[in-house]
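Structure first, then comments.
The values are calculated or read from the model by the stated rules, or taken from the named source; none is laboratory data. Just so you know, these numbers come straight off a predicted model, no measurement behind them. With ideal geometry, Cβ positions are generated from the backbone for all residues, glycine too; neighbour counts draw on all protein chains shown. Areas reflect the complete protein model, heavy atoms only, side chains present, ligands, DNA and RNA absent. Shrake-Rupley method; radii C 1.70, N 1.55, O 1.52, S 1.80 Å.
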Amino acid sequence: MTRTASDEALHKPVPFTAGTFVAVVGPSGSGKDSIINYARDHLEGRSNFVFPRRIITRDADARSEDHDTLSVEAFAARKAAGGFALDWEAHGLSYGLPDSIDRDIDAGRVVIVNTSRALVPAIADRYEHLIVVSVSAHPDIIAKRLASRGREDEAAIAKRLSRMQVEESIRSDAVLIENSGPIEMAGERFLHVLEDAARDIADGRARLGEE
């Protein structure tokens with residue numbers, strides 16, 4: 001899946017074209033990390049799939065994703081040095097993606113990242129082949145998942161849920177995955193998306209005589 005016609009009309013050069021960036025978006029509690037972890041477990045040993053660790057200005061704990069932690073000062077220094085391929089702010093925290101993903105895309109790999117939907121335009125400007133996967137779940141399910149994390153009180157959770165109703169729409173070509181049921185259902189759907197992306201890359205290389 002490539003950029004839309006309206007994107008192409010901008011005639012902006014896209015620096016990284018060989019691989020595919022898979023941007024997993026959706027509200028907190030929808031289960032983005034769960035389907036990513038499901039795919040990572042099932043694709044273990046497959047070097048053409050890359051699951052980079054995000055760098056966040058938040059301490060890691062057992063209830064959150066496995067990420068690398070930097071202080072606010074260290075994050076700013078790394079950003080100034082060009083150490084991030086992409087970075088963004090959300091909920092008072094800074095998030096960054098290591099510049100190694102540029103090399104992975106250049107090598108024709110599928111890079112899978114849990115990211116913010118607000119970052120999608122910047123991703124599309126940097127990587128020609130982009131698949132947006134939008135994960136959703138029933139509000140009651142999301143509320144329970146957020147409560148189980150223990151990081152927010154009921155008022156904060158209610159605010160998150162109300163904000164879900166007014167979020168801007170995503171790209172019309174996004175893949176929609178509903179994740180209210182058993183993880184196997186959404187996880188297998190996600191796996192098919194990733195396998196199709198890898199197959200498209202291989203087919204493209206074959207047409208160019210690279211394989």
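Taking a ≥ b ≥ c as the square roots of the eigenvalues of the Cα gyration tensor, region 80-138 is classed as oblate, since a/c reaches at least 1.5 and a/b does not exceed b/c. In the context of the full set of protein chains, residues of region 15-109 present 46 Å² of accessible surface per residue (probe radius 1.4 Å, heavy atoms only). Stretched out straight at 0.36 nm per residue, the stretch from residue 89 to residue 202 would grow longer than its current Cα-Cα span by 37.2 nm. Once the C-beta distance of residue 148 and residue 73 is scaled by a Förster radius of 25 Å, the resulting FRET efficiency is 0.20 to the nearest 0.05.
Between residue 107 and residue 176, residue separation times 0.36 nm minus the direct Cα-Cα distance comes to 22.1 nm. When you restrict to C-alpha pairs under 8 Å that are six or more residues apart and normalise by the size of region 31-111, the relative contact order lands at 31 percent. Straightening the chain between residue 48 and residue 184 buys 46.7 nm, computed as 0.36 nm per residue apart minus the Cα-Cα spacing.
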